[in-house]
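The values are calculated or read from the model by the stated rules, or taken from the named source; none is laboratory data. Because the structure is a prediction, the values reported are computed rather than measured. Here the Cβ is made from the backbone with ideal geometry for all residues, glycine too, and neighbour counts use every protein chain on show. Surface accessibility is based on the protein's heavy atoms, side chains included, excluding ligands, DNA and RNA. Shrake-Rupley method; radii C 1.70, N 1.55, O 1.52, S 1.80 Å.
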Amino acid sequence: MLAVVAFPVLAEADGRKIEAIRRQHDPSAKRIAAHFTLVFPTSKIAPDALEARVDSAAAETAPFTVGLRRILVHQKGNDSYVFLVPEQGYDALVAIHARLNNQDTRDKRPFTPHVTVARLADRQQARRLATALASEHLAIGGRIDAVTLVEVPVTGPVRPLHSAALCG
């Protein structure tokens, strides 16, 4: 499976804070650093075609800032997720997601840019975590300056295959 992600460049303290939350509440924290998923894991696109999309989207997109201030609890199946949703950079993430996915008209999943900080089986626990984060008036700023094609194995760490700097 392949995916495309953007790793936010964060201040050191902010990166430590997000990763500490993720290590405690998100099983994926062991596999991949905090990121925005721009192309969901797929095996339906050839690696060279997806790499070309990454290069094209990066060439059309200027680096941009993100401001993570909103917290969202999302239910998917039996799991509850806690997302950090950007106020600043939201539209730019939606636009690059659209550029990367424009040829896949079959995939009509709604897209909300986010960094997952928790995946929990207990919805109430997810809500408590979201409330605790909101009470801290969480405000994390950073920037997106590249997009990365990654391999997503069934187990083990996600492996970067190709990265392209935003330069549009």
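The table that follows gives values for the structure above.
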{"item": "Cα gyration tensor, segment 71-168 - rounded (a/c under 1.5), prolate or oblate", "result": "prolate"}
{"item": "Heavy-atom accessible area order for 28, 80, 135, largest first, 1.4 Å probe", "result": "135, 28, 80"}
{"item": "Among 38, 142, 118 the positive-end extreme of the charge dipole of the chain (Cβ point charges)", "result": "118"}
{"item": "Simple Cβ-charge dipole of the chain, Lys/Arg +1 and Asp/Glu -1, about Cα centre, in debye nearest 20", "result": "620 debye"}
{"item": "Residue 99 - accessible surface, heavy atoms, 1.4 Å probe, Å² rounded to 10", "result": "90 Å²"}
{"item": "150, 9, reordered so the largest accessible area comes first (probe 1.4 Å)", "result": "9, 150"}
{"item": "Tilt relative to the chain, helix 12-25 - C-alpha long axis, 0 to 90 degrees, to 10", "result": "70 degrees"}
{"item": "Rounded percent of accessible protein surface that carbon and sulfur make up, the chain, 1.4 Å probe", "result": "52 percent"}
{"item": "All aspartates and glutamates inside 20 Å of residue 17 as judged from Cα atoms, apart from same-chain residues fewer than 8 positions distant", "result": "26, 87, 136"}
{"item": "Mean accessible surface per residue for the chain, computed with a 1.4 Å probe while every protein chain stays in place, in Å²", "result": "53 Å²"}
{"item": "Phi to ³J(HN,Hα) by Karplus 6.51 cos²θ - 1.76 cosθ + 1.60 over segment 63-80, Hz, x for Gly, Pro", "result": "x, 8, 8, 10, x, 8, 9, 9, 10, 10, 9, 10, 9, 9, x, 8, 9, 10"}
{"item": "Under 5 Å, built H, 5+ apart or other chain: amide partners of residue 71", "result": "85"}
